[in-house]
Amino acid sequence: LAHGSSANCWDETDDEYDDEEGVPPSAQKGQLLEYGRDAVDEGDLKPAANPENETERNEPDGAGRKGPRHVPGRAPKYDDETLQSLEVYEQALIDGHTGRHERLGGLGCRFGVLYDDSFYTSEQKAAYDKMIDMFLKALAIIDGNNEIADWSSPVAHYFNALHEAFSVDDGNGYIYINGKASIYVYPEEDDPDDGDDGDKVGGASVGSTRTVGYVKKLQKKLLKAWKAAKTPEERAKLKRKITAVDVALKKVIDFDNLLEETQRKFNEYVMSRLSEFTCDFFPTTIADLLYLDRQGVSVQAQVYFYSLLMDLDDPMGGADAIKGYKRRLFLNILETAVTAWLRRKGHKLRNSSCLDEWLHGRGFLGRGLKKRRSIKSDFVNHMRAGFRPAVLDRIGKQKMTVDVVMTSWDVPPIIGQPEMFRHGKVMVTEIEHGVGNYENAFTTPASNLPDPDEDGCYNVKNELRYDPKFTDEQCRVARERNIAKVRVCERTGVLTSIDKNDKAWLDNCGTTFVDYLTKTHVPDPTVFGEQPSSFKWAVAFNYKGIYMMELEYDGDDLIRVVVIFCPWCNMFFSKVGTKASAERLASMEFTTDSAQFYHEIMRYFGTENASLEPSTSLLEPIAGNVLVAVEVFQFYNMIAAHLEMKVSVLTTKNLLEGSNANHFGPLHNNMRRTSGDLALTGRSARNHISKVLVTCLTFDRMRMQSIVNAMMKATSRTEMVQIAVSAVKMEGRKSGGDKDKDAKKEDAQQLCEVRFQGTGSLR
């Protein structure tokens, strides 16, 4: 069943990911799964106000609720027939991704191909239709209080869209309409947007950030057109500076100023309905992902809902108290609902955007499953091409001893870091090597760190921890420790893994660790005799930053292999202000693929009589699977669900940890709301109630906005005038004075300029 005809390229300006409230996450220390676990993000940590006891349940969400809203079941036991049907569905998803990739131009639309708005089963279509119906009913709650500006109204053209009352250029969250740019950019016959001139509905957590994004985009477009202009007249038209007025963003819903009553009703209705769309059980295997995905909305959306509905005692519950988590869900719902609402009213919208992309995560799943196969296949091909057959045979028959892995430097703890916070590269390292089974090349803190406090914590900004400075002496010692690690492999034949450590090598002495081993290093003379220089380390193969180094020596039965890998933290680390741009995500993707390939190395070398043939069993666990956690879920959360990176990685951590920890908990992160009513997701409502201690919002500005919104519901200018006059009279009676009445009329006059033919403006 097809819904929509194409997926589209991702437009970076459509989504911002660094403007939610909150501070970054934390991680836990504790026992890890045998299969593995993984990684995290890092963010700008701040002390939590009052860390709750980890065993406490979620806070009430505004309706006096305690306990989960959803009662999950158990995963089915998969028989051969069911597994075969899931394999067929897996192939359909992979084929769908491959087709979009070819149709949309490959790498040029790298992340556009992830939006799969097709339905593969009737259950998926039914769930989608039911959800859209639920969204529209939720939207009616807001519309019932006149808190929607209806730009599809027959009287909408009477309103001054450039008035500040309809602006989104401030710190609030908005649902908005993006119309055609208000400036001349191309001659009409050369306009690349020609034929797609409808409006676009958008959602922004911070309106000013979105406005700036569109201003920059339009400025680039204008500059390109100026350079291509054919006449001086055209150039004269195009020589100007873009402002917020030019991008034509018009407010539909002022999310942060919704009335308290509206927010409570909206929250209660949505949260009471989400269990109809969430997963019956939390997925732990690839088969679970496919089973859940084919019977409803995308499995990523189901997991999103699950984490909001369940409490902290569930390994994936308690997310409703994470700053920005529920807020972004509600913004997504309203953006989708307003789009469907306007389309049903006949308002012309653009076809070039996937306006409900957060409900269509199957592109991420299909792409992830395809890459799961390809990475396994790449490993087999690289091993066969890189090693001599005799060596490959010996590797497969024995289980090699794995030495303690050497990373580069320890990320220093900072003041306020939660008790159970764990850093990304530590988690990824321990997926393969076990808890604490690592050491650092740098043994002393970076030279640009201040003195720590009595607890050994540092009062530094987050960026400083990830851009450390080391002295020449520190770098020399780190290089010697790397070399000593190689010497152990030369003497004993243990499998050795070492971070490439460019800080100590390339940045300090001008050569990479790999170049040193292949060109300069002399193997241990106690092992290789009087002419050790006749034996050299060589690169067996290189795969996305992983160098498999082999020392070819047939004088004994030892296999001497060193794996030099790139740092893992790139998958999760997000400095303040980091945008989820296509370039940033491509870099994260590269590191994730590299980490998953590393997992294949450790699996093969660490297993006796291991088969080199790749296993694509659907019963493979998710825990420890970096590819699934990052590229299927984290990328979906960042790109489609529009969650901040530092929020989305909490889900990633939970997937990698399995049932061992819940990183939504207060001992794992500082991003939980420690006060306020969780039913109120609008900032102004929470702030007003906390300061004034009243139960409703009665700002004059919002009362006036409600009047204007009510006027926009009119079907004729006569009805509109009647609504305006009635509202102004009522406001005057409430205030009890003609002076106030005149002020209200003047304000209304600025908000709405109603022009009548032959009679001028209404005053």
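The values are calculated or read from the model by the stated rules, or taken from the named source; none is laboratory data. Model, not experiment: these values are computed from the prediction. Cβ sites come from the backbone with ideal geometry, for glycine too, and all protein chains shown count toward neighbours. SASA here: full protein model, heavy atoms, side chains in, ligands and nucleic acids out. Shrake-Rupley method; radii C 1.70, N 1.55, O 1.52, S 1.80 Å.
Here are some notes:
- For the residues Thr339, Thr98, a 1.4 Å probe over the protein chains yields an accessible-area ranking, largest first, of Thr98, Thr339.
- For the range 276-349, the square roots a ≥ b ≥ c of the C-alpha gyration tensor eigenvalues yield an a/c of 1.5 or more together with a/b not exceeding b/c, which makes the shape oblate.
- Solvent-accessible area, 1.4 Å probe, carbon plus sulfur percent, for the range 210-294: 59 percent
- Protein-only accessible surface order, largest first, of Arg560, Arg273 at 1.4 Å: Arg273, Arg560
- Gain upon complete extension [Asn660, Asp557; 0.36 nm per residue less C-alpha separation]: 33.1 nm
- Point-to-point label distance, Thr518-Glu268, nm (Cα→Cβ direction, 7 Å offset): 6.8 nm
- Surface composition of the range 330-447: carbon plus sulfur atoms contribute 49% of the solvent-accessible area (1.4 Å probe, protein chains only, all chains present).
- Anisotropy class assigned to the range 521-608 is prolate, per the alpha carbon gyration tensor with a/c at or over the 1.5 cut-off and a/b larger than b/c.
- Between the amide H of Ile414 and those of Tyr458, distances stay under 5 Å, these residues lying 5 or more places away or on another chain, with hydrogens modeled in the peptide plane.
- Cα-based shape type of the range 400-473, given that a ≥ b ≥ c are square roots of the gyration tensor eigenvalues and the cut on a/c is 1.5: oblate
- Only protein heavy atoms count here; under a 1.4 Å probe, Thr715 has an accessible surface of about 100 Å².
- Net length gained if the chain between Val88 and Lys399 were fully extended (0.36 nm per residue, minus Cα distance): 108.5 nm
- For the listed residue pairs Lys323/Lys653; Lys370/Lys399; Lys397/Lys536; Lys469/Lys500, the alpha carbons are over 22 angstrom apart in Lys370/Lys399; Lys397/Lys536.
- Of the solvent-accessible surface of the range 553-637, computed with a 1.4 Å probe over protein heavy atoms with every protein chain present, carbon and sulfur atoms account for 54 percent.
- Accessible surface, 1.4 Å probe, highest first, among residues Thr336, Thr471: Thr471, Thr336
- For the range 477-495 versus the range 595-640, the gap between their alpha-carbon centres in whole angstrom: 28 Å
- Annotation for the range 293-390: trypsin sites (Lys or Arg not before Pro) lying in DSSP loop with at most 12 further Cβ atoms inside 10 Å of their Cβ are Lys345, Lys348.
- Amide H contacts of Glu552 (H built 1.01 Å from N, in plane; Pro and chain starts excluded): Lys536, Ala538 sit under 5 Å, all sequence-distant by 5 or more or on other chains.
- Surface per residue (accessible, 1.4 Å probe) for the range 341-484, Å²: 45 Å²
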